[in-house]
């Protein structure tokens, strides 16, 4: 029985469909007492189960069933912190992040629990099933990786490090969001925005609000989408310089000292746990297995990618000079001239295509229809459920066997929402707990002017399909233990299903369903379809190089030995970054990393520290899978069922590479990725 006030919305499981959190009742003041009661209840539950003589199966069930009150509160809190945070929530995050980290350490490092797990792992009962054995294996590995074998002084230092890191990474995100909002580019004279469409100008005017003029908010990566359209070089430069200034210009929102401290503490923690550096600790538990394998792939791709980027830069420089502009080509010029080249070469004007990509059609006739064709899913909008913010929508998802879960769609940018796009879960699927999933997709599409439909860019269409691939991983999960639900797989595997789902976005039969003009209903012209598919293969030098630069920068920060940052000052961040990029062979002035250190949310605020390489590692599997679909007839129900049954449904309940072999019949080949990214040596393909 919970000690929490019954009036607190977290005191009992939600009675709403699919246990959707009762957002209409949840207030900021409910979290602190829920965390306090939830941690106490969790500790008591673990203490009680460790005091009982339970069989192995009962023990695993009891352990996985513990901490539900805390889990309910944490799931909502962490989601709202990214999607709809205010000052009160941010203050709570900074207060409770270290306390919650300490609590989870207290459970994980409880010597009685470690001993029980070790005994069972060494001599597992014969009647345990595969998923139970997998859980035992993961619990034992967690204990080793979490410092359970340390002496008491070591465990105490580990708890301190984890608490400090939790507080610092939370603060990094808070400061990054604040600085991104502060650096949004305000333009008083509309003439400076020449090149933007009427719809884009209307969105910028709406973003400026009472301030007047136009406001260009910043998205998370270095590259800002408006740079492809802005004709005035001075305006492009303003936008780019605002983007790369985030977190590195001094003042209250500077993230440089924070990220240095995060990197230093991670290095110390890795050494305490017996690893050479943080990257080694992370990658040892991924499918790559070693830093050498992960970094080796990045370095293998870099020379060809950089050579391609240099050729592309030379071509774009020609366009710049032909315009009468002074060279050299600058980072803020690349997107503009690349878009112009794309239009000329492939007859594709990305901005002019927006009317063919209305958000509603892309969602319903594109994303949902493809999921229906592959997996037999149906989507029914629920307008009777309370949601956490205006503009969020809910859809009940079902298949031939009945309801599967709930899908929340949160497409629009707002100041209270962090940048980027992601999938997360409010409720994890679990047969043990009788839970069906509640998942959310968040994008940061600029809200349309009042009365206008939202129109997506080509990149936003691809992003929506990508994030929905994560959603499918969560919705189609079919596991007993919540530990293994959906996307609970290694970081360098988790992007694989989402990248596969991107493939469908621009397949002709899928495009034909959703790419229709918002006013006339006219289908996207055949020439545009062909041009769009060709254009997507264009510019691989730039896109691969900017990605590799970020991934190698992530590795550089996390391959530091303990003490390497002793005496570092904020100004050292730029020098460290420059040296790391030069050493890796990806230091191109015209192609900055997709994320610079000071706004690299994925690794200093999110869960991708030392694992940003995961995107290209997963893309090996993705490209090989796309070839399998093509070889087997493409968008067929039988193909979707095979992918669902052997891979999506399994979550983390099996070794991911075993799941891949069950799907594909062999290990993944790398050649499909090299072909896709134009990285094969001449004459091969």
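Coordinate-derived values only; no laboratory data. What you see is a predicted model; the values in this text were computed from it and never measured. Ideal geometry is used to build each Cβ from the backbone, glycine not excepted, and the neighbour counts take in all protein chains shown.
Some points to look at:
- Pair residue 106, residue 88: separation of 7 Å Cα→Cβ label points (nm): 2.6 nm
- Segments 215-226, 551-562, 608-619, 629-640 sorted - mean Cβ within 10 Å per residue, highest first: 608-619, 551-562, 215-226, 629-640
- Chain lengthening between residue 323 and residue 378 when straightened (0.36 nm per residue, less Cα-Cα): 14.6 nm
- Our helix-only sum for the chain, with -39,500 (n - 2.57) per DSSP H run of n ≥ 4 divided by its residues, gives a mean residue ellipticity at 222 nm of -17000 deg cm²/dmol.
- Cα-based convex hull volume of the chain per residue, rounded to whole Å³: 162 Å³
- In this structure, residue 197 and residue 12 have a Cβ-Cβ separation that, at R0 = 56 Å, corresponds to a calculated FRET efficiency of about 0.65.
- For the stretch 584-685, the spread of Cα positions along each principal axis, largest first, Å: 47, 40, 22
- Taking 7 Å steps out from each Cα toward its Cβ at residue 121 and residue 667 produces label points 2.5 nm apart.
- FRET efficiency for the pair residue 343 and residue 680, taken as 1/(1 + (r/R0)^6) with r the Cβ-Cβ distance and R0 = 30 Å, rounds to 0.65.
- Helix 233-245 vs. the chain, principal-axis angle (Cα, 0 to 90°, nearest 10): 10 degrees
- Hypothetical label at residue 582: residues of the stretch 534-567 whose amide nitrogen lies under 17 Å (7 Å Cα-Cβ projection): 553, 556-557
- Label reach from residue 284 (point 7 Å along Cα→C-beta): in the stretch 559-576, amide nitrogens under 16 Å belong to 559-562.
- Take the Cα of residue 398, go 7 Å toward its beta carbon, and the backbone nitrogen atoms of the stretch 350-381 under 16 Å from that spot belong to 372, 376-381.
- With 0.36 nm allotted per residue and the present C-alpha distance subtracted, the residue 52-residue 352 stretch has 101.3 nm of extension available.
- With Cα atoms, 0 to 90° folded angle of helix 637-646 axis to the chain main axis: 40 degrees
- Considered as an equivalent ellipsoid built on the Cα gyration tensor, the stretch 1-80 has semi-axes of 26, 14, 10 Å, the largest given first.
- Per-pair calculated FRET efficiency, R0 = 41 Å: residue 657 and residue 512 via Cβ, rounded to 0.05: 0.70
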